[in-house]
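Q: Sharing a structure below in structure tokens format, with a few things to ask.
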Amino acid sequence: MSIEWARIEPAEGKRDPAEIERYKQILRTARAAGIHVWACLHHFSLPCWFADSGGFLDDAARSRYWRRHVAFVADTFGDLVFGWKPINEPVAYAAVGWLFGALPPGIRDRTQFYRALRATLLANHDAWQSLRGGGKPVSTIMALSPIFPGVRSDDKDERARAEQVAAVFDAVYWTSWIRALRDGVLALPGLPEDRIPAMAGSFDLIGFSYYNALTVYGDGKTGVYPPDARVGPMQYAPWSAGMGILLRRLAAELPGRPILICEHGIGTTDDAWRVQFLTDSLRSVEQAIDDGVDVRGFFHWTGVDNYEWTYGWDVPFGLFDRSRRPKDSAALIARYARSA
């Protein structure tokens, strides 16, 4: 679950006791029900007062306000949570706000996107430094996809361009944060490399979300992969085989680091498709474990049908509907959990 910063500190330095108590009650109720909660501290939204101060992109604001907030949350809720996932999908957050303009601040600028991603990765590291040593595991949540260059013709130049563009995508989705966690080097296209030795080895688990693979073309546009895969209502193609690709790559690039699948699911009203998709995905996970990949857990997105951003209630991801009625997919996940 998320602990929303804007709810508990709607104005700078003025926290809302009722909202703080509300979150505590949710966490106490979960504990009483035998649910071990991982808390996320940032899921794409910020308090307006912090955003207006520059947000993560302002080094001084990030160091002062974000660090203070993380320390407060750790002190206030730390005894009630099982683990922490500080910032949800830094690449996706930077992309939707500074590249695609779909969420605040609504900017469409590649250079600004790289700056925003750098700042968000640094904020994630700031949170790790504040939360480490508190006795609760801290995991990343990186949005990951297998990336494949695509061509629309047999033209060799087109293939070369597609491979170049795919390499840029790979540098953003993968290399930007992997080099930081492995080598202490924060590297983004078009920006000078930052050597930050303290980032090497950070985080207790390497966590990620996975929904689909990408075909990348030479003109920068993306498409579904595999090309003949079934496409869902969000215009991407859920692909279970990609899970195994991701797990093996993470194990190879970050050897010895335990891995956590933080989000995986499918938005559809066709629960039979969800059941088949999850069956295939869980099989891919088991095969990776059999091959020696250290996978510590699997979170399904989501438990109950959620409000999916601009799609509203039209794209359900849940194992349960909004009336808490279980779907067949809930029974599948229950059987798997009991046998794991």
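The values are calculated or read from the model by the stated rules, or taken from the named source; none is laboratory data. Since this is a predicted model, take the numbers as computed values, not measurements. Note: ideal-geometry Cβ built from the backbone for every residue, glycine included; neighbour counts use all protein chains shown. For accessibility, only protein heavy atoms count, side chains too; no ligands or nucleic acids. Shrake-Rupley method; radii C 1.70, N 1.55, O 1.52, S 1.80 Å.
Q: Solvent-accessible area of MET142, probe 1.4 Å, all protein chains present, reported in Å² to the nearest ten, please.
A: The accessible area of MET142 comes to roughly 10 Å².
Q: Now, a different point. Show the residues, 5+ positions off or on another chain, whose built amide H is closer than 5 Å to the amide H of ALA39.
A: Sorted by chain and number, the residues that satisfy this are PHE82, GLY83, TRP84, LYS85.
Q: Okay, next question. Where does each of ILE196, ILE259 land when they are ordered by accessible area, with a 1.4 Å probe and the largest first?
A: Sorted by accessible area, descending: ILE196, ILE259.
Q: Filter the chain for me: DSSP H helices, axial length by Cα at least 20 angstrom, mean Kyte-Doolittle hydropathy not below -1.0. List them by residue number.
A: 17-32, 110-131, 156-170, 271-290
Q: Now, a different point. Where nothing but the Cβ of Lys and Arg (+1) and of Asp and Glu (-1) is charged, how large is the charge dipole of the chain around its Cα centre, in debye to the nearest 20?
A: The calculation lands at about 720 debye.
Q: Magnitude of the Cβ-charge dipole of segment 159-297, K/R +1 and D/E -1, about the Cα centre, nearest 20 debye?
A: Here segment 159-297 has a charge dipole of around 220 debye.
Q: Here is a further query. Mean residue ellipticity at 222 nm from the helices of the chain, using -39,500 (n - 2.57) per DSSP H segment of n ≥ 4 over the full residue count, to the nearest 500 deg cm²/dmol?
A: -12500 deg cm²/dmol
Q: Hey, another quick one. Kindly report the accessible area of the chain per residue (heavy atoms of protein chains, probe 1.4 Å, no ligands, DNA or RNA), in Å².
A: Heavy-atom SASA per residue in the chain reads 47 Å².
Q: Turning to a different aspect of this structure: Of all the stretches in the chain, which is the longest one without any exposed loop site, taking GluC sites (Glu not before Pro) in a DSSP loop (any state but H, G, I, E, B) with at most 15 other Cβ atoms within 10 Å?
A: 13-192
Q: Right, something else. Sort LYS85, LYS136, LYS156 from largest to smallest accessible area, using a 1.4 Å probe on the heavy atoms of the protein chains.
A: Final ranking, largest accessible area leading: LYS156, LYS136, LYS85.
Q: Keeping the other protein chains in place, figure out the carbon and sulfur percent of the accessible area of the chain, with a 1.4 Å probe.
A: 52
Q: Is segment 204-340 rounded, prolate or oblate when judged by the Cα gyration tensor, a ≥ b ≥ c being the square roots of its eigenvalues, rounded requiring a/c under 1.5 and prolate requiring a/b larger than b/c?
A: Because a/c hits 1.5 or more and a/b fails to exceed b/c, segment 204-340 counts as oblate.
Q: Taking the full set of protein chains and a 1.4 angstrom probe, give the accessible area of HIS300 in square angstrom, rounded to the nearest 10.
A: Here the residue's solvent-accessible area equals roughly 30 Å².
Q: Would you work out the relative contact order for the chain, in percent, from Cα pairs under 8 angstrom that are 6 or more residues apart?
A: 11 percent.
Q: While we're here: Please label the shape of segment 116-184 as rounded, prolate or oblate, based on the square roots a ≥ b ≥ c of the eigenvalues of the alpha-carbon gyration tensor (a/c under 1.5 means rounded; beyond that, a/b larger than b/c means prolate, else oblate).
A: Prolate is the answer for segment 116-184, as a/c is 1.5 or above and a/b outweighs b/c.
Q: When DSSP assigns beta bridges and you keep just the ones with both residues in segment 205-301, what percent turn out antiparallel, to the nearest 5?
A: Taking every DSSP beta bridge with both residues in segment 205-301, the antiparallel ones total about 30 percent.
Q: Determine the shape class of segment 129-287: with a ≥ b ≥ c the square roots of the Cα gyration tensor eigenvalues, call it rounded for a/c under 1.5, and otherwise prolate if a/b is greater than b/c, oblate otherwise.
A: oblate
Q: Separate question: Gap in Å between the Cα centre of segment 41-115 and the Cα centre of segment 225-294?
A: Answer, in whole Å: 27.
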